Each structure stands twice: as C-alpha cells, then as structure tokens.
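Here is the structure we will look at.
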Amino acid sequence: MRNPISTLILAVALAAAAPALAGPVNINTADVKTLAKELDGIGESRAKAIIAYREKNGPFKTADDLKKVQGVGASIVERNRAKIVVDDAKAQKSNAAGG
C-alpha cells in the first residue's frame, strides 16, 4: 500500500508543474477560452478585454503590449511571458500568399 504522505506530495508536485506544461499562446489569435485557460491571472473578463483591444487596435507586437489592456498589469505579463507568442496571423497569411 502506498504511503498517503507520498501520494499527497506527488499530487502537489504535479499540480505545481501543470502551469509549466501549458503550451504557447498566440495572443493575436487565441479565443476567450484559450486565453482564460492558458494564461495565469486571465479569466473570461480579461480575455474578452484582450480580444476587444486587439480587434480595435490591431495585433499585439510584443507581450508588453498586453499592459495596454485594462485589467492586465505588468505582474500578469511577467507571470506569462514565457508562454506568450505574438505572431500576427494576418501577416503570415499574406506572406505565404506572396503579398
């Protein structure tokens, strides 16, 4: 039989590692669900604000541009910097089409 303390330690370690396992998030193409699920400190409300901001102002150029979105501060950007991607899907499509 497994030691309950060992099981608890393993469960805590796996839970702590889960955020590190999240994949990159393209903040220029991600939907509300993806932003809220993958980015620490971003819930549905902030995810909607991110999408509204990019629809109004165009694609983000850097992760730091997220700080321009109301409710997203420097600490949220720093916590998520390693998984934020800012590829501009529209530019990629036009480059792929030769334009």
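Just so you know, all these numbers are worked out from the coordinates, no wet-lab data involved. Computed from a predicted model, the values in this text were never measured in an experiment.
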Treating each Cα of the stretch 22-96 as an identical point scatterer and ignoring solvent, apply the Debye formula and state log10 I(q)/I(0) at q = 0.19, 0.21, 0.27 Å⁻¹.
-0.70, -0.85, -1.43
Going by a ≥ b ≥ c, the root eigenvalues of the Cα gyration tensor, does the stretch 41-84 fall in the rounded group (a/c under 1.5), the prolate group (a/b larger than b/c) or the oblate group?
oblate
